[in-house]
1. Here are some residues: 49, 80. Which one is at pLDDT below 95 and either in contact with a strand residue (DSSP E or B) (Cβ under 8 Å, 6 or more places away or on another chain) or closer than 19 Å to residue 134 by Cβ (or both)?
2. Taking strands (runs of 3 or more DSSP E) that do not extend beyond the range 97-213, which have at least 2 residues that are touching a residue at least 40 places away in the same chain (Cβ under 8 Å)?
3. Do we find that residue 191 is under 23 Å from residue 76 (Cβ atoms) and surrounded by fewer than 18 Cβ atoms within 10 Å (Cβ to Cβ) in this structure?
4. Within the range 123-135, identify whether any single residue is at pLDDT 95 or above, within 29 Å of residue 51 (Cα to Cα), surrounded by 20 or more Cβ atoms within 10 Å (Cβ to Cβ) and under 14 Å from the mean Cα position of the chain (by Cα), and answer yes or no.
């Protein structure tokens with residue numbers, strides 16, 4: 001990764017309390033503000049083979065698969081049947097199925113996925129979903145922190161840095177916090193049971209320029 005792939009520092013604020021339940025507190029402690037470090041740490045391991053392949057830094061494109069960033073399935077292809085409505089969100093790398101390499105050369109390639117009730121997805125956004133599975137850029141549009149929290153009761157993504165919230169049922173529309181725009185969508189389809197990228201990110205991935213907010 002180059003120097004431009006270093007995440008903006010998080011300010012360490014405590015997350016919401018009460019009904020705004022964060023799915024899996026341990027996950028927040030491990031991946032919350034420190035997930036950028038995890039992303040930096042994942043790449044060297046993944047890069048052991050073909051580390052100089054420039055395709056690792058290419059943006060997601062049609063036909064790519066997705067592989068889990070972390071957890072018990074780390075590095076495995078994301079299967080549609082493994083994602084249930086009500087499960088927490090998770091992050092995944094696009095994966096070139098021909099070269100068999102993840103596109104982990106830039107943290108801006110990281111995708112954020114969750115499955116929601118298809119009937120609740122906005123009409124304009126349904127075209128980007130696959131059987132209720134939706135995906136977005138995992139980088140907050142505020143100051144580029146990873147959007148690492150899932151508010152299970154509200155069914156919202158939340159950035160742990162400044163508590164920007166995004167509604168996956170409305171195209172990751174901003175519903176709280178300082179983020180200036182939605183998370184870019186990643187169109188999906190399902191092929192042979194695997195979740196597959198159906199096109200590039202819709203919109204610019206990344207946050208505001210330093211000093212602009």
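The values are calculated or read from the model by the stated rules, or taken from the named source; none is laboratory data. What you see is a predicted model, and the numbers here were worked out from it, not measured in a lab. Ideal geometry is used to build each Cβ from the backbone, glycine not excepted, and the neighbour counts take in all protein chains shown.
1. When all the criteria are applied, what remains is 49.
2. Answer list for the range 97-213: 111-115, 133-137, 149-151, 156-158, 188-191, 194-197.
3. Judged against the criteria, residue 191 is a match.
4. yes
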